[in-house]
Amino acid sequence: MLENQNSPLIVNNVDALLSANVSLPLKWKGLNVTYLYTASSRYPVHEHHAIQITIPLLTSGFNAVTLSATDSRQNSQKLTLENVFLAPAYQPHTLLWDRDTELVMFDLEPEFVERAVGESFRGSQVEITAIGGIRDSLITQLGGALHAEFKRASAIGRIYIESLAVTLAVHLIRNYSASEQNVRELSGGLTGAKLRRAVEYINSNLDQNLSLQQIAETVGMSPYYFSRALKKSTGLAPHAYLTDQRMERAKQLLAQTRLPIIDIALAVGFVNHSHFSTQFRKLVGISPKAYREG
């Protein structure tokens, strides 16, 4: 538990509460992602049953202390914007900061990592061997991309967050796991039958907060392989393909029905009128109202 005088808040507008402690968690099976803004604080010594990656978003950084599980020796590190903190499952550690700090945290249970890569994984189980502060530009970029989504608050899409987490899972296995573990590459795209099955599933569930895992399961593939294969077949990553299909359905409904725009937004999976209109204008070039009237 975070030790601080102020209780964390769940908010929809990060910018409006930069003077408060802000915790924005997203939780799915085996995956927990949190955006945290806090004043000077510390976590007590603790450990996780998940792999935890902490990514600082302010240049001030924070202090990370890892403790040996066998003899209580401490290894203290000062982390900055160029570092991330990687804590394997069940590794005792504590995080300390003496100034305002902005963080993104990924908690990936080993089962999530194994499920994400599925048939492409070479190894019996995931074992992350690296620990502590590391410099890793890809992880830093993923944290920045996730931070941008948190700043949009209601615009956060499950499939996009899952895609980032799958990319992170593969990266961890390739770079920070036991030497005999690896992820095989994919050589081709989806077969015609699998592509049709995936498209049918997506178009039948556009009003749902679709899961990358669920879509991949409809074609019998891991999320990692499916993401790579879909992009080879369509030129689009899963979250971009889903958005494209939602926009096509929205244009159809705008042109062929008199449904209120808010009803169309909900029918194609957007959480509110504002988010839908913003995305529609960005991708189509005009507002939904102008498209209908044109």
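Throughout, read-outs are computed from the coordinates displayed, never taken from laboratory work. No experiment lies behind these values; they were computed from the predicted model shown. When we count neighbours, we look across all protein chains shown, and the Cβ atoms used for this are built from the backbone with ideal geometry, even at glycine.
List of remarks:
- Remark: the Cα gyration tensor places segment 132-276 in the oblate category, a/c being 1.5 or greater and a/b not exceeding b/c.
- Label-to-label distance for Asn205 and Glu82 is 4.4 nm, based on points extended 7 Å past Cα in the beta-carbon direction.
- Between the amide H of Asp100 and those of Ser40, distances stay under 5 Å, these residues lying 5 or more places away or on another chain, with hydrogens modeled in the peptide plane.
- Spin-label model distance (nm) - Ala193 vs Ile262, 7 Å beyond Cα toward Cβ: 4.6
- Computed lengthening from Ile286 to Gln252, 0.36 nm per intervening residue step minus Cα-Cα distance: 10.7 nm
- In this calculation the C-beta distance from His273 to Ala145 is compared with R0 = 41 Å, giving a FRET efficiency of 0.95.
- Estimated FRET transfer efficiency (Glu111, Val45; beta-carbon r; R0 30 Å; 0.05): 0.75
- A Förster radius of 41 Å, combined with the Cβ-Cβ distance separating Leu96 from His171, puts the computed FRET efficiency at roughly 0.95.
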